[in-house]
Amino acid sequence: MEMDQLVSLCKRRGFLFQSSEIYGGLNGFWDYGPLGVELKRNVKEAWWKDMVTSHDDLDAPAGAPSSFEMTGLDCTIIMHPQVWKCSGHYDLFHDHMIDCRQTNKRYRYDQVRGRWVEAKGQRIFVATMVETQDEAEDLQRRALKHFKLRAKDAEQLSWDGDVTSLTTVEDTSVVLGPDATELGSLTEPREFNLMFKTIVGAMGTEEDAAFLRPETAQGIFVNFKNVLDSTRVKIPFGIAQVGKSFRNEITPRNFTFRSREFEQMEIEFFCHPEQSPAWYKYWRDRRFQWYVDLGLAGERLQLRDHDPDELSHYSTGTADIEYQFPFLPAGEFGELEGVAHRGDFDLRSHMEGKLDPNTCPLTVEVDEHGQPRHRGSGRDLSYRDDESGEKYVPHVIEPSAGADRATLAFLCEAYTEDQAPDEKGKLQTRTVMKLHPRLAPIKAAVFPLVKKDGMPEIARDLYRALKQHFPTFYDEKGAVGRRYRRQDEAGTPYCITIDGDTLSDKTVTIRDRDTLEQWRVKLDDVEGELSGRLK
Ligand code: ATP
C-alpha cells in the first residue's frame, strides 16, 4: 500500500482531516472525522478495558509474578510548573534544530540524513529529508545539479559510504541543505525545548508561565500518594491514564505519526525494587501481545530491546514496540509504545528534587551551594508495607503508548485491496479496511434490497434494534453492490440485507466483510449472531 492511498481514503471517508483546513491547515495538528472519532475511541476503550476495567485483581494473569490491582486517573493538562522542573522536562526535554539561511526552513537535526559524494575535485555532503524509496533519487538529482552534471554523466559522481545522519558531519560548510542549492547554508544546531508555554491568570508575567503537559505520566506520579490514601490499593499496582499531550515538534510529519497535539495511553506500575525486573518483562510482553491480538500480527510489528547505550541513566531496561509504517524507508520501524523500567527516579525527583550530580550528572543543575536547583515537593512519596513493615520508594515500570500512532498503525494494517465480484459476477478491485471488529467504527450496516414492498420498514426496525447494542448504519441509496463497497471502505464487519425472502420466511442475509461469505439467519437471531461474532 502507498501512504497516499491511505491518506486519501482517510479524507474521503472521514477518518482524518487536517486541522483548520479551510484556513490552509496547521502543521502537526489533525482532526478525527465521523469514522475516525469512533475508531480512535475504540482503540482507547479497548486499552482501558483490557488494562483497567476488566482486569482481574484477584488472580495473576499468565506470565505475571503475582496478582495485582489496576486503577485509573484523569489529571489536568496544565500543572504546577514545578512538576516539569522536577521531572527534568524543563531543563532537558529538547531537540536540536538547524535552520537553512538560504530557504529559511527549519529541520530537526537528527532527522536530516545525507551521503558523501565527490566530483570535479570537490567532496560534499548532500542532505535530504526524503524518507521513502525516493531518497536515493533525491540525492542523485541534487548532486548532479550542484556539480552541473547531466543525468548521463552520473558515473562521474563518486558516492562514499551509505546514507548517514547529518549529526555525523562536523563541518557544515560542505553540507548541501535538504532544500538548498547553495553549499553551507545550514546553521549550527541549537537546543529547542518541546514544551508549549502558556500563561495562567490575567497578569501575564513570566512568573505566571505554565506548560501544556508533554506526557501524561507526571500527573500519575504527583498523585501517587492521593491514590494510596484514597483507595486500599497495595503494591504491586498500576495507575492508568489516557489523555492529550502536547509537544512543539520541530518537524511534525508522516501524517499523525508525529503531531504537536496527540493522545497518550500510559500506565505507571509501582512495585517492590527487587521484583521490578520480573514486572518489566511481564509488561513488555503483555503490551506487545495487545497489538497482536488487535490485528497487528506479522513481520511489520516488532519488540525491540534498547541497547545499553540507548538507555536513560535511570533505566535498567527499555523496549520499544515498533511498527513498519509504509512512509518509512524499507526495513525501518517507528515507535508505537515504549515500555521502560524507570527505577525510583520519578517518585524521588518529586520528593527530593533532582538527584545527586554524581549518580545522574545529566539531570542536575546545582545552585551556588551545590544543591539541586529544582527542589522536590518535600512530601514523603515512599510506601509502607503494612504486613512486613518495610518502607521503600517503589520502582516503576512505564508502558507508554500513543493513541494516535496505534490508530494509524491499525489503519495502515487494515488497508487492503482485493478482488470481489460485482452484481454481474465480474471481478472488480475493492478497497476494504480489515479492521479488527472491536476497533471497527461501525459494526453492522442494514440495507433493504429495494426501496419498496415493505423492505425499508423491516430494515429500519432491525437498524433501530441493533443500534441499541452496537453502532449500526442504515443505507437504502443506490445499488446494493455500491452500498457494500462503501461499508468495506469504512471497515464495517457485517452487512445485513432485507430481501424478497425476508417478506415470506423472516430471514435475512448477513455478509462477512473479509471472506465475502453470505448466509441467512432468522430476523430475530441477527442481534445474537452478530454480538457473538463481534466479541
Ligand atoms: P519519538 O522518539 O518518536 O519522538 P518518544 O520516544 O519521544 O517518541 P515517548 O516520550 O516515549 O516518545 O512517548 C510515548 C509515546 O507517545 C510514543 O511511543 C508515541 O506513541 C507517543 N508520541 C510521542 N510523541 C508523539 C508525537 N509527536 N505524535 C504522536 N504520538 C507521539
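The values are calculated or read from the model by the stated rules, or taken from the named source; none is laboratory data. As the structure is a computational prediction, the values presented were derived from the model and not from experiment. Glycine also receives a Cβ, built like all others from the backbone with ideal geometry; neighbour counts cover every protein chain displayed.
Data for the structure
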item: Single residue of L347, L328 found to be within 13 Å of the ligand (Cβ to nearest atom) and either modelled with pLDDT of 95 or more or at negative phi (or both); result: L328
item: Among residues of the range 256-280, those that are in contact (Cβ under 8 Å) with a residue 60 or more places away in the chain and in a helix (DSSP H, G or I), counted; result: 7
item: Residue in the range 221-235 that is within 16 Å of the ligand (Cβ to nearest atom) and assigned by TED's automatic domain parsing to the domain that holds P329 present; result: yes
item: Flag if D293 is more than 16 Å from the ligand (Cβ to nearest atom), modelled with pLDDT of 95 or more and either within 30 Å of A46 (Cα to Cα) or basic (K, R) (or both); result: yes
item: Contacts under 7 angstrom Cβ, first residue in the range 218-245 being surrounded by fewer than 17 Cβ atoms within 10 Å (Cβ to Cβ), partner not in a loop (DSSP other than H, G, I, E, B) and not β-branched (V, I, T), 6 or more apart; result: K244/E261; K244/E263
item: Residue identified as at pLDDT below 95 and of a type in the set (D, E, K, R) among D380, D461, D404; result: D380
item: First in the range 305-319 and in contact (Cβ under 8 Å) with a residue 24 or more places away in the chain, second anywhere and outside any strand (DSSP E or B), Cβ under 7 Å, 6 or more apart; result: H313/C360; H313/L362; Y314/F345; Y314/C360; G317/Y280; A319/R284; A319/H306
item: Flag for I267 being modelled with pLDDT of 95 or more, within 16 Å of the ligand (Cβ to nearest atom) and assigned by TED's automatic domain parsing to the domain that holds F327; result: yes
item: In the range 422-449, residue farthest from V526 (Cα to Cα) [restricted to those that are free of Cβ contacts under 8 Å to residues at least 40 places away in the same chain and more than 39 Å from the chain's Cα centre (by Cα)]; result: K426
item: Meets criteria (of a type in the set (V, I, T), farther than 24 Å from A409 by Cα and not in a loop (DSSP other than H, G, I, E, B)) for V521; result: yes
item: Lone qualifier among V83, V37 - being aliphatic (A, V, I, L, M), assigned to a helix (DSSP H, G or I) and crowded, with 17+ Cβ neighbours inside 10 Å; result: V83
item: Odd one out for T251, checked against (1) over 19 Å from the mean Cα position of the chain (by Cα); (2) in a loop (DSSP other than H, G, I, E, B); (3) in contact (Cβ under 8 Å) with a residue 60 or more places away in the chain; result: (1)
item: Test result for K44, within 16 Å of the ligand (Cβ to nearest atom), among the basic types (K, R) and not assigned by TED's automatic domain parsing to the domain that holds F246; result: yes
item: Test: residue in the range 485-493 that is among the polar types (S, T, N, Q), in a helix (DSSP H, G or I), within 28 Å of the chain's Cα centre (by Cα) and surrounded by 13 or more Cβ atoms within 10 Å (Cβ to Cβ); result: yes
item: Of residues in the range 409-440 being exposed (fewer than 14 other Cβ atoms within 10 Å of the Cβ) and touching an Asp or Glu at 6+ places or on another chain (Cβ under 7 Å), the one farthest from L6 (Cα to Cα); result: Q428
item: Residues satisfying the stated conditions in the range 16-38, i.e. on the phi < 0 side of the Ramachandran plot, in contact (Cβ under 8 Å) with a residue 24 or more places away in the chain and within 16 Å of the ligand (Cβ to nearest atom); result: L16, N27, F29, W30, G36
